[in-house]
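J.: Okay, here's the structure, questions in a sec.
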Amino acid sequence: MIPPSVIHAEVYGKAPMPAGLLHPMRTRTSLPILIRRGWVAGPLLDVNWDSICGIGSGGSGAAIIAQDGFGALDRARIKTLLETSFGKSLAAGYLDMPAGRVYLAGDYLGIAIIKTLWGFDYLDKLAVAPGARGNGVGRELWENIKKDFPSLVWRAAPDNPANAWYLRNSDGAARSGDWMVYWYGIEPNSMDAIIPLAAALPPTLTNGIHQNQGRM
């Protein structure tokens, strides 16, 4: 696996800005933001990021349930799924807050939680159980999200191993503070105001007893 530092150097530092950028911008560190969908620096193209990030290329066969809020879902199992997936402890009270739209894969194999913030749909969590990674669970969750949400914003820690996959599946990305902010289906000019708002959201995962796997 290519370390995150190399990913950042290749994608955001050393690689030349490709032609046809939708909206050239600059991060606070004056590194270029890549806006062109599907563009990844050459050295990264040979890496099977779907497998590394647990997305999977085929169908998992897991049924996807979509509903508003957590409802009758087992909150204890959701907590375990999120904490084992991210390798961090869930912030106290997170499961008591409004959940927005929730997608659950199979027998708590994966979950996506989407909220509406600032008038935009925001992907607050996308998680796949460690034992289900590489089986297509994440991809099926993502396909359901894309079908239901024509535009979306989300963020991830710079050391999140899924960042290369997020970049490939977004229309744009920007580094703001301690976060990478991604989006699709939104005009880049509209993101100028949303990026700092997304980066300023309080973290909902904290360092705990689990091995660190990244955060969202």
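J.: Applying the Karplus parametrisation 6.51 cos²θ - 1.76 cosθ + 1.60 with θ = phi - 60° to the phi angles of segment 141-156, what ³J(HN,Hα) value in whole Hz is obtained for each residue in order, glycine and proline being reported as x?
T.: My calculation for segment 141-156 gives 4, 5, 5, 5, 4, 4, 5, 8, 10, x, 9, 7, 10, 7, 9, 8 Hz in order.
J.: Zone of residue 148 (label point 7 Å along Cα→Cβ, backbone N under 16 Å): which residues in segment 86-104?
T.: It comes to 98-104, nothing else.
J.: Now for a different question. Write down the percent of antiparallel bridges among all DSSP beta bridges whose residues are both part of segment 87-191, to the nearest 5.
T.: Here the share of antiparallel DSSP bridges comes out near 90 percent.
J.: Same structure again: Where Rh denotes the Kirkwood radius from the mean inverse Cα pair distance, what is Rg over Rh for segment 93-159?
T.: 0.96
J.: Below 19 Å, Cα to Cα, which lysines can residue 115 reach? Residues fewer than 8 away in the same chain don't count.
T.: Within reach: 79, 125, 146, 147.
J.: Also, quick follow-up: Could you give me the ³J(HN,Hα) list for segment 67-75, computed from phi with Karplus coefficients 6.51, -1.76, 1.60 and θ = phi - 60°, whole Hz, x at Gly and Pro?
T.: Each residue's phi maps through the Karplus curve to give 7, 8, x, 6, x, 8, 4, 6, 5 Hz.
Here, each number is a calculation from the coordinates, and none is a lab measurement. These figures come from a predicted structure and were not determined experimentally. Heads up, the Cβs are rebuilt from the backbone with ideal geometry, glycines too, and the neighbour counts pull from every protein chain shown.
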